[in-house]
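Coordinate-derived values only; no laboratory data. Since this is a predicted model, take the numbers as computed values, not measurements. So basically every Cβ, Gly included, is an ideal-geometry build from the backbone, and we count neighbours across all protein chains shown.
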Amino acid sequence: MRFSILIPARNEEKCLPGCLESIKAAAEPFPDQVEVIVAINRCTDRTEEIAVAQGAKVVHDDSRNLAKIRNAAARAATGEVIVTIDADSRMSANMLAEIDRLLGSGKYIGGGVAVWPERWSLGIVATALLLGVILLRHRVSGGLFWCLRGDFEAISGFNETWVSVEDLDFAKRLKVHGRSQGKRFKTITKGHIVTSCRKFDTFGDWYLIRHPGFVWRIFTGKSQKDADEFYYDVQR
């Protein structure tokens, strides 16, 4: 198996089909070499039914902790390459081919991708600029992560002491690990993901700009109360 694609999912019956369809299109150059693992998290809708019907493996984890949920999916993975994507995102059709090409070059430890929102507004642009500054400071990217499974295991996957921004922590540690191997962290720009704007729809397009204290607490990765409010207890 070449690719294992990990998807955390809580009540994702609306978004998961689009995510899975995008993976199916990206998997066409790799027949029988792509597995999808959906980590079911406290679902009360048809998420699991949809995942199974589309041929995905299913694991269960009820944690309010995305690092634990992602790691639960990773433990079921058998592929050489780990790819993570959220259920409300869709990958471009060339994504897996681009990942395969970059890893095959031997130059890159893995990395992230270009992320496009499904809609734009002034508030979303301002928020994107704010988050871009944070990512630029650490010289990493996110949205969808990719690396060899051996390197994922070498850095012990996602850090389960982080209840938010576990993806930023993962990217930073992957980058450091890559440096020790003489490889670079790479942001894919020839492919992309399109992600939903449902947090903006729920909280408002200017919410993060108007609440810098909340942003700071989220980016500490340690505030369960704020993580619950923004991630784990949002109604879907």
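When the range 202-216 is examined, which residues are found to be surrounded by fewer than 17 Cβ atoms within 10 Å (Cβ to Cβ) and either without any contact (Cβ under 8 Å) to a residue 40 or more places away in the chain or not aliphatic (A, V, I, L, M) (or both)?
T202, F203, G204, W206, Y207, R210, H211, P212, G213, F214, W216
On the given criteria, is I218 assigned to a strand (DSSP E or B) and closer than 24 Å to G157 by Cα?
In short, no.
Among the residues of the range 216-233, which ones are under 19 Å from the mean Cα position of the chain (by Cα), under 24 Å from V125 (Cβ atoms) and hydrophobic (A, V, I, L, M, F, W, C)?
Passing the criteria: I218, F219, F230.
Where residues in the range 18-41 are surrounded by fewer than 23 Cβ atoms within 10 Å (Cβ to Cβ) and of a type in the set (S, T, N, Q), which of them is nearest to A74 (Cα to Cα)?
Ranking the candidates gives Q33 first.
Check K199, K222, K190 and return the single one that is surrounded by fewer than 19 Cβ atoms within 10 Å (Cβ to Cβ), touching a residue at least 12 places away in the same chain (Cβ under 8 Å) and either touching a Pro at 6+ places or on another chain (Cβ under 6 Å) or within 22 Å of I99 (Cβ to Cβ) (or both).
Criteria check complete, one pass: K190.
Quick one: how many residues across the range 46-60 are touching a residue at least 40 places away in the same chain (Cβ under 8 Å) and either surrounded by fewer than 17 Cβ atoms within 10 Å (Cβ to Cβ) or not in a helix (DSSP H, G or I) (or both)?
Of the residues in that region, 1 qualify.
Could you check the range 196-213 and list, in sequence order, the residues that are in contact with an Asp or Glu (Cβ under 6 Å, 6 or more places away or on another chain) and not small (G, A, S)?
C197
Specify the residue that is farthest from A26 (Cα to Cα); the eligible residues are those in the range 170-197 that are of a type in the set (A, V, I, L, M, F, W, C) and assigned to a helix (DSSP H, G or I).
Out of the qualifying residues, it is V176.
Are any residues in the range 116-157 of a type outside the set (A, V, I, L, M), surrounded by 16 or more Cβ atoms within 10 Å (Cβ to Cβ), assigned to a helix (DSSP H, G or I) and free of Cβ contacts under 8 Å to residues at least 60 places away in the same chain, and if so, which ones?
The one that is of a type outside the set (A, V, I, L, M), surrounded by 16 or more Cβ atoms within 10 Å (Cβ to Cβ), assigned to a helix (DSSP H, G or I) and free of Cβ contacts under 8 Å to residues at least 60 places away in the same chain: D151.
Look through the range 65-83, keep the residues that are of a type in the set (G, A, S) and closer than 15 Å to R10 by Cβ, and return whichever of them is surrounded by the most Cβ atoms within 10 Å (Cβ to Cβ).
The initial filter retains those residues of the range 65-83 that are of a type in the set (G, A, S), namely 67, 72-74, 76-77, 79.
Right, trim to closer than 15 Å to R10 by Cβ and you get 67, 72-73.
Values: A67: 23, A72: 21, A73: 26.
That would be A73.
Pairs, please: C-beta under 8 Å, at least 6 apart or cross-chain, first residue part of a loop (DSSP other than H, G, I, E, B) and in the range 1-27, second among the hydroxyl-bearing types (S, T, Y)?
M1/T78; R10/T47; R10/Y232; N11/T44; N11/T47; E12/T47; E13/T47; C15/S196
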